[in-house]
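Here is the structure we will look at, set down as structure tokens.
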Amino acid sequence: MQMPHIQIRNVSKYYGSVKALHNVDLDIEDGEYVVLLGPSGCGKTTLLKIVAGTVEPSSGHVSLAGRDLTRLPPEDRGIGFVFQNYALFPHLSALENASYGRLARGEAPEKAHRIGQEMLKLVHLAERADAIPKELSGGMQQRLAIARALATGSKLLLLDEPTNALDAHIRTELREELRRMAKQLGLTVVHVTHDQEEAMALADKIVIMRQGKILQAGTPKEVYEHPATPFVANFLGEANFLRVTFEDDRAQLLGRPVEARLRGPHIACIRPESLRLDDKGAKIRILGSRAFGPFYKYDVDYNGLSLRVRATHDKSDATHVSFDPADVLYFSEPDEGLEKALSAV
Amino acid sequence: MKQWLNRSSKDTRWGQAIDAVALLFFVFFVLGPLFFVFSKAANLEFSPAMQEALVTSFGIAAAVTAIDLLMGIPMAWMLARKRFPLKELVDTLIDLPLIIPTSALGLSIALFWGSSGLGLLQPGIAMIVLLHIAFTFPYVVRTTQAAMLELDGDLARAASTLGASPFLAFRTVWLPLVRAGAVSGALLAFTRSLGETGATMLVAGAAKTVPILTVYYKNAAPSDLNAALTLSAVFLIASALIFVLVRQQLGVKRMRLGQVNAQLERRLSRLGQVSDGASLLFLLAIVLLPSFYFLKFTDLNFFSGPSLQAIGISFAVAGAATALSFVFGIPLALFIASNKRGSGLVKLLNELSMIMPTVTIGLSLALFWAGRAPEAVVLVLAHTAMIFPYFVGSVSEVLAEMDENLTQVARTLGATPLHAFRTVVLPLIKPTLVAGLVVAFMRSVSETGGTLAVSQNIQTVPILIVNLSKAGQNAQAASAAVLLLALSIALVLVLRWSSKKKW
Ligand SMILES: Nc1ncnc2c1ncn2[C@@H]1O[C@H](COP(=O)(O)OP(=O)(O)O)[C@@H](O)[C@H]1O
Ligand SMILES: [Mg+2]
């Protein structure tokens, strides 16, 4: 069995003048569950397809367990791929879909079907072996696509927005199932999504992409707590951005002094849950509130700036907001301007 | 159900009136004249010569269809899924044989393969097969290509990530899923081959297909009319049977894979380029060059009075027939697409009208209209009956496939059905309407077999070409064909161009 250790080196892909990927570097370890996260159009699918071999990179290399894959056609790579819309074969039964990979490699039908049947059992579809894809529900189709990819014996699974077409509650269920299965079978998974909650729930490592580039890669905790750019901070959860100017390592933020070894204009980033609604600190006015069950969200006005605040209890009569300076992140002013730096494209 | 086609109660009466007019037109000007011939049949008898002609006709059609599929599917695959230099050009070239008047095509093929050209063949069955390939190949390529373009490319990519070689992916994924498209193209090719008369006469030599034998009986003596009718009836019934049987086989079928010889399929995959080359060579040497060979014989000195007059007549007839088809065809297409009661039957009858051999059509129309109207009017009505079913068929198919949500949205926004039709449906089907009109016009301009049967004194260009080439005046015939071709192309371009502008 192969040992997936994927190296993606300096990979670029151009479609005419569109830069789908630009100098991408990424390492994926054996047994790792990696989530590629980014807004739609940022190049996630392209990167996945380059690894699978169905798209050729304009430049750069991909290697698997030390072997250069770049010139290898997809049928010789042995990488399981679950397509964004599943791409199930509509004219084949669930069992024939699941056995396709084995049959394509010339395995005897009895053996191929036995393995296909095992895979169907693994994804709880053994009962529906004779159904054709359009007779299956969305969730079943997704599980069939996974069974089909796994039946080839591949230990590397590439998933392109596998939960996208599903209802919210089935999505959460399947997501957990996916991670459990991956860990149980010792799979290496690269999972693409544009849903940050899904990324946080699943990933050993989150890779955040924007405009064909990787902005940051790390554990969910790392990227949430130490986002590399304002875009990452904003894309993973919510964030308030405030302009500050440091002089002698000091600046004023929300009516109080803060310290950091910085000079000149910067952007301070505070998460909504790091702001406390109170009766001391900076004077604010509450503009709107919404109860979410386990927490509350407030829109507040501070000197004409609007802030988002999250609280665990009802704070509707608060008059001030305060924060712990240790929770504040500082970014230098992006060249393109803050608004541009936060937008997806 | 196509809800949007069901008019609300306020305009029900108008709607019913329109339906009624369209149906009456269809019955009295298309169906009636087309099938009139069978009411004249007295005692039917079936001779060995007829039997032989039937075998010849079906044999030729089968061979033509098989070759079309064999060479057309790889061609379609190449055009739909590969990139290569000059692809746009090849894509355009494929349709060209369709715009040549069939009689000119017959002349051209006879010249190319016969003693005036390569000298490889004498008129006969082989030449008929080559002629029929030239004008049916585009159908098979186009329908298969369209089916391939509609297919999700990820299906083939999925197969390859699962370890399938390109050939295996083609065989187990593409082919089963584009089958319906290929079969409907093949069906069209088959029926066109069965029914073609005018051009076939020019390359047949001593060979007798059913349409040729029918013409022979019709011309030999009025007493032989019965033989012609018998032949037409048997022929039509056999064609309709095949048509209906094959039609039922359409749609995606479940498939079982079975044992795969992975090594062999891999090796076959490497033949991809060989097959591409073969397809291109076939297109060039069997379809395009022979079809346009007649150009070599044109002589500008022969652009004479008779050919100019014939062109005027051809265009006038085609214009009138196309206009009639347009006016009455759209309501009928709407009726067929509406799933109202009886629409299924009308659809079937319309399809049957399409598979009728042109010579039978001509015979029937000549009998139906004989003495009832001036020859010019009969000519227009005959052409209308021949092109109307094609126009209705293509428009109703697009209407039936259209996303009805679009018009429903228009109606929730307050549009009346007529307004919804004008602002939502019409712009969406405009490309089909324009294409349908162009095809209808070109068919009328180049129609030979049926026209031969109804025309007595009035000569359209195809008739002129047949007469000239039968008299051995190839240069005159070729020149008339070139003139018609050039004017037709100009007209099509003008139509295309004007249709790009807003209505
Ligand atoms: N086959 C293609 N031809 C042209 N442009 C493409 C093609 N595939 C993707 N692109 C472009 O490349 C960019 C990245 O696309 P993709 O990888 O699909 O993004 P994502 O999966 O993150 O939504 C987009 O701008 C997209 O329009
Ligand atoms: Mg994508």
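None of the figures in this text is laboratory data; all of them are computed from the coordinates on show. What you see is a predicted model, and the numbers here were worked out from it, not measured in a lab. Here Cβ is always computed from backbone atoms with ideal geometry, including for glycine, and neighbour counts include all displayed protein chains.
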When you have a sec, figure out the Kirkwood radius of chain B from all distinct Cα pair distances and drop it here in Å to one decimal?
-> 24.2
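May I ask you to derive the relative contact order of chain A, considering only C-alpha pairs under 8 Å and at least 6 residues apart, and to give it as an integer percent?
That works out to 16 percent.
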Per-residue ³J(HN,Hα) for segment B:342-355, Karplus 6.51 cos²θ - 1.76 cosθ + 1.60, θ = phi - 60°, Hz, x for Gly and Pro | x, 5, x, 5, 4, 4, 4, 4, 4, 5, 4, 4, 6, 8
Using θ = phi - 60° and Karplus 6.51 cos²θ - 1.76 cosθ + 1.60, couplings along segment A:332-345 (whole Hz; Gly, Pro as x) | 6, 4, x, 4, 7, x, 4, 4, 4, 5, 8, 7, 5, 10
Of the trypsin sites (Lys or Arg not before Pro) in segment B:359-446, those whose Cβ has at most 14 other Cβ within 10 Å and which sit in DSSP loop | B:Arg372
List the trypsin sites (Lys or Arg not before Pro) within segment A:188-227 that fall in a DSSP loop (any state other than H, G, I, E or B) and whose Cβ has at most 10 other Cβ atoms within 10 Å.
-> none
Three-way shape label, segment A:6-230, alpha-carbon gyration tensor, a/c 1.5 | prolate
When only alpha-carbon atoms count, how far does segment B:41-296 stretch along each of its three principal axes, as whole angstroms with the largest first?
-> 69, 44, 28
In segment A:287-317, which residues have a backbone nitrogen under 11 Å from the label point lying 7 Å from A:Leu242's Cα in the Cα-to-Cβ direction?
-> A:302-303, A:305-308
Could you name the lysines whose alpha carbon sits less than 24 Å from that of B:Lys340, not counting residues in the same chain fewer than 8 places away?
-> B:Lys2, B:Lys10, B:Lys430
Please name whichever of B:Ala323, B:Ala337, B:Gln259 sits farthest to the positive end of the charge dipole of the protein assembly as shown, dipole taken about the Cα centre and charges placed at Cβ: Lys and Arg +1, Asp and Glu -1.
-> B:Ala323
If each of A:Ser63 and B:Leu245 carries a label point 7 Å out from its Cα toward its Cβ, how far apart are those two points in nm?
-> 6.2
Does segment B:16-70 classify as rounded, prolate or oblate by the C-alpha gyration tensor (a ≥ b ≥ c root eigenvalues; a/c under 1.5 gives rounded; else a/b over b/c gives prolate, otherwise oblate)?
-> oblate
For the pairs B:Lys208/B:Lys470; A:Lys221/A:Lys340; A:Lys155/A:Lys205; A:Lys283/A:Lys315, note any where the Cα-Cα span goes beyond 23 Å.
-> A:Lys221/A:Lys340
Ranked list, fewest to most other Cβ atoms within 10 Å of each Cβ, for A:Phe246, A:Phe323 = A:Phe246, A:Phe323
Averaging sequence separations of C-alpha pairs under 8 Å and six or more residues apart, then dividing by the length of chain B, give the relative contact order as a whole percent.
-> 26
Within the protein assembly as shown, helix-based [θ] at 222 nm, where runs of 4 or more DSSP H residues each add -39,500 (n - 2.57), nearest 500 | -17000 deg cm²/dmol
In what order do A:His226, A:His5, A:His191 fall by count of nearby beta-carbon atoms within 10 Å, going from fewest to most?
-> A:His226, A:His5, A:His191
Using only alpha carbon pairs under 8 Å that are at least six residues apart, calculate the relative contact order of segment B:41-296 and give it in whole percent.
-> 35
Scale the Cα Rg of segment A:264-345 by the rule-of-thumb value 2.2 N^0.38 Å and send over the ratio, two decimals.
-> 1.20
Projected area of the protein assembly as shown, taken from the Cα convex hull and averaged over every viewing direction, in nm²?
-> 45.9
For a label point 7 Å from the Cα of A:Glu336 along Cα→C-beta, name the residues of segment A:261-302 whose backbone N is under 18 Å from it.
-> A:267
Which whole-Hz ³J(HN,Hα) couplings does segment B:56-66 yield from phi under the Karplus relation 6.51 cos²θ - 1.76 cosθ + 1.60, θ = phi - 60°, glycine and proline marked x?
-> 4, 4, 5, x, 4, 4, 5, 5, 4, 5, 4
Applying 1/(1 + (r/R0)^6) with R0 = 56 Å to the Cβ-Cβ distance of B:Ala376 and B:Arg270, what FRET efficiency is obtained, to the nearest 0.05?
-> 0.40
Classify segment A:21-85 as rounded, prolate or oblate from the Cα gyration tensor: take a ≥ b ≥ c as the square roots of its eigenvalues, call it rounded if a/c is under 1.5, otherwise prolate when a/b beats b/c and oblate if not.
-> rounded
Loop-located trypsin sites (Lys or Arg not before Pro) in segment B:33-118 whose Cβ has at most 11 other Cβ within 10 Å (DSSP) = B:Lys82, B:Arg83
List every residue whose amide H lies under 5 Å from the amide H of B:Leu118, counting only residues 5 or more places away in sequence or on a different chain, with H placed 1.01 Å from N in the peptide plane.
-> B:Trp113
Taking every residue of B:261-267, the Cβ atoms of other protein chains inside 10 Å of its Cβ average out to 2
May I ask you to compute the full-extension gain from A:Lys121 to A:Asp301, defined as 0.36 nm times their residue separation minus their alpha-carbon distance, rounded to one decimal in nm?
-> 59.2 nm
To the nearest 0.05, what FRET efficiency results for B:Leu280 and B:Leu495 with a Förster distance of 35 Å applied to their C-beta separation?
-> 0.75
With a Förster distance of 41 angstrom and the Cβ-Cβ distance between B:Gln309 and B:Val409, calculated FRET efficiency to the nearest 0.05 equals 0.20
Once amide H atoms are placed 1.01 Å from N in the peptide plane, what residues at a sequence separation of 5 or more from A:Gly80, or on another chain, have their amide H within under 5 Å of its amide H?
-> A:Leu156, A:Leu158
